[in-house]
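One structure is given below, encoded as structure tokens.
The values are calculated or read from the model by the stated rules, or taken from the named source; none is laboratory data. Predicted, not measured: the structure shown is a model, and the values here were computed from it. Every residue, glycine among them, receives a Cβ derived from its backbone with ideal geometry; neighbour counts consider all protein chains shown.
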There are 2 protein chains.
Amino acid sequence: MDKLNMSRHISGKFNDELEAVRNQVLNMGGLVEQQLRDSLRAIETSDHDLAEQILQRDAAINKLEMQIDESCVQIIAKRQPAASDLRLIIAIFKTISDLERMGDEVERIGRVALESFSNDQQDFLVSLENLGQQVLAMLQKVLDAFARMDLDAAVEVHQMDALADRQYEALTRQLMTYMMEDPRGIPKVMNVLWSARSLERIGDRCQNIAEYIIFFVKGKDVRHVSSDALRQALTGQQ
Amino acid sequence: MDKLNMSRHISGKFNDELEAVRNQVLNMGGLVEQQLRDSLRAIETSDHDLAEQILQRDAAINKLEMQIDESCVQIIAKRQPAASDLRLIIAIFKTISDLERMGDEVERIGRVALESFSNDQQDFLVSLENLGQQVLAMLQKVLDAFARMDLDAAVEVHQMDALADRQYEALTRQLMTYMMEDPRGIPKVMNVLWSARSLERIGDRCQNIAEYIIFFVKGKDVRHVSSDALRQALTGQQ
């Protein structure tokens, strides 16, 4: 793994601590990614047991967030990091908060899937496939961008969200048409709508993390900036 | 305002900086509170102009978040705070992130309200009243708890969320019944459902902030703990 110029630290122990906390974040991200992938697979194959496992595994993600939080606080208190190290730690604080909330969204999807399986109402769930795969690709890309603090990949995630938003809107329109055509199916279609919204929120959170990466690499806060303006700002700087 | 033992700092300037950043957070919270109150009023009175204003004012909240973020980074870099000061700054980082996302939810509510007014579809929006008032009360209580770092008020917010969740569930069931009875009304009822979910999320975020306050006061991480367990843990410690 790229050491991000960490060799310049006088204290080798400080390097190790920063590296350890970055690895913890990647582990946490890996867990969330696995949860999301499993939730999509559970939906695709109507796998009741897998959906159950998703609910059980969310606690591990929550625990990791608290551990990483604590590690970051320890590092700030002990090492009094400045400039770029501090920016990295701030980026980590924010990233794990988004990862944890993504975990909650996946848990919601798992819960909806379970309920749908139990009531034999899973027939519309598969319409989540496209949006789900797009959001999973965003999560993979943003974790990869985080691992390498890769600016280009982060900007790409920012752009991928536009497609996820369009997929979400198309799906919402389609599901509302179903409901109007067959009102008895409203409860099961609603479940799919909630899950679609959860997926869309996960995409938004991937975009948040992409922004923290850009903030770390460029020292530039790009929240609340459009994709076009972002591209322009970054190219203008290079 | 209670100075939270800040007088113990050797540097009077450090005190002033911490105090200034806390005031910024309260300003930001005040803005979000005003936005939420106005969105409920816009819904109640079908006030198109007020809903427009809500959309325009969200940018100010986003800007405040970035300013406070920057102030916190400056304080960490310059003052190298330890222990309780560091916990306060961490709590602030997290609090403003939740406040900003609440602002986004209110903006969504404003957008839905505008769309509903334009299409003359506002008749179900008023059913948001109870949930909206409960969530507004939670937000007021949690900002008050933050201003005074008041543990009891924070615990109370944690408990208020249970009622908000019940109100949200009752409303969801009621709205789904409407949709089944009159499928032509589905688009307008869906708008109310999205807004109800936004309100429920704002309540969740108030609960998050309550947990950061408890973390600051007790030095104890109470995320992912039930209300009962929380009460028990806090009483056991006192």
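Summed over region A:170-203, the residues that are more than 9 Å from every other protein chain (Cβ to nearest Cβ) and either among the charged types (D, E, K, R) or in contact (Cβ under 8 Å) with a residue 12 or more places away in the chain (or both) give a count of 18. With respect to the conditions (1) within 28 Å of B:LYS13 (Cβ to Cβ); (2) surrounded by fewer than 22 Cβ atoms within 10 Å (Cβ to Cβ); (3) of a type outside the set (Ser, Thr, Tyr), B:LEU99 falls short on a single one, namely (2). Counting the residues of region B:65-92 that are within 8 Å of chain A (Cβ to nearest Cβ) and within 14 Å of the chain's Cα centre (by Cα) gives 1.
Of A:SER71, A:SER7, all but one fail to be modelled with pLDDT under 90 and either closer than 30 Å to A:SER118 by Cβ or assigned to a helix (DSSP H, G or I) (or both); the exception is A:SER7. Just one of the numbered conditions (1) over 21 Å from B:GLY29 (Cα atoms); (2) over 21 Å from the mean Cα position of the chain (by Cα); (3) hydrophobic (A, V, I, L, M, F, W, C) is not true of B:VAL112: (2).
In this structure, does A:ILE202 turn out to be part of a helix (DSSP H, G or I), of a type in the set (A, V, I, L, M), crowded, with 16+ Cβ neighbours inside 10 Å and more than 14 Å from the chain's Cα centre (by Cα)? Judged against the criteria, A:ILE202 is not a match. Could we say that A:LYS220 is surrounded by fewer than 21 Cβ atoms within 10 Å (Cβ to Cβ) and at pLDDT 95 or above here? Considered against the rule, which asks whether it is surrounded by fewer than 21 Cβ atoms within 10 Å (Cβ to Cβ) and at pLDDT 95 or above, A:LYS220 comes out as no.
Within the set B:LEU136, B:LEU143, B:LEU128, the sole residue that is under 16 Å from the mean Cα position of the chain (by Cα), surrounded by 22 or more Cβ atoms within 10 Å (Cβ to Cβ) and not small (Gly, Ala, Ser) turns out to be B:LEU143. Taking the stated definitions as given, is A:ILE76 free of Cβ contacts under 8 Å to residues at least 24 places away in the same chain, hydrophobic (A, V, I, L, M, F, W, C) and crowded, with 20+ Cβ neighbours inside 10 Å? Yes; evaluated as a whole, the condition is true for this residue.
Scanning region A:93-146 for residues that are at pLDDT 90 or above and more than 14 Å from every other protein chain (Cβ to nearest Cβ) yields a count of 25. Taking the conditions exactly as written (over 19 Å from the mean Cα position of the chain (by Cα), free of Cβ contacts under 8 Å to residues at least 12 places away in the same chain and either over 30 Å from B:ALA82 (Cα atoms) or within 14 Å of chain B (Cβ to nearest Cβ) (or both)), does A:LEU50 satisfy them or not? Here the answer is no, as A:LEU50 does not meet what is asked.
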